[in-house]
1. For the chain, modelled as a Gaussian network with Cα springs under 10 Å, which listed residue fluctuates most, Leu21, Leu53, Leu35?
2. Using a Förster distance of 25 angstrom, determine the FRET efficiency expected from the C-beta separation of Leu21 and Ile46, and round it to 0.05.
3. Among the lysines, select those whose C-alpha is under 20 Å from the C-alpha of Lys25, and discard any that sit fewer than 8 residues away in the same chain.
4. Compute a Gaussian network model of the chain, connecting alpha carbons closer than 10 Å, and tell me which residue from Pro36, Pro59, Pro16 fluctuates the most.
5. Mind jotting down the three principal axis lengths of the chain based on Cα atoms? Whole angstrom, largest first.
6. Rounded to the nearest 500, what is the 222 nm mean residue ellipticity of the chain from helices alone, with -39500 (n - 2.57) per DSSP H run of 4+ residues and division by all residues?
7. Among Val12, Val44, Val20, which one moves the most in a GNM of the chain with springs linking Cα atoms closer than 10 Å?
Amino acid sequence: MRIKDRMTKNPVTVNPDTLVLDAQKIMKKNNVPRLPVVEKAKLVGIVTKHDLLEAEPSPGTPVSLHELN
């Protein structure tokens, strides 16, 4: 078996300028735990649900996620 037989053919991606809130919505809509980050057709990173959760303000702060955007 080869990687091409197991890989996702057309993955959902985001670009580096995608807002955290938008990336979370994309993950939820597509039921994926991570997103490749692509810029000019080149993979520049991967962002996970955990990464995005860490980017949220802590529950004890008065700042909302919308204010971070």
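No lab work stands behind these numbers, since they all come straight from the coordinates. From a predicted model like this one, the values you see are computed outputs, not experimental measurements. Cβ sites come from the backbone with ideal geometry, for glycine too, and all protein chains shown count toward neighbours.
1. Leu53
2. 0.85
3. Partners found: Lys49.
4. Pro59
5. 51, 24, 17
6. My calculation for the chain gives -9000 deg cm²/dmol from helical runs alone.
7. The residue that fluctuates most here is Val44.
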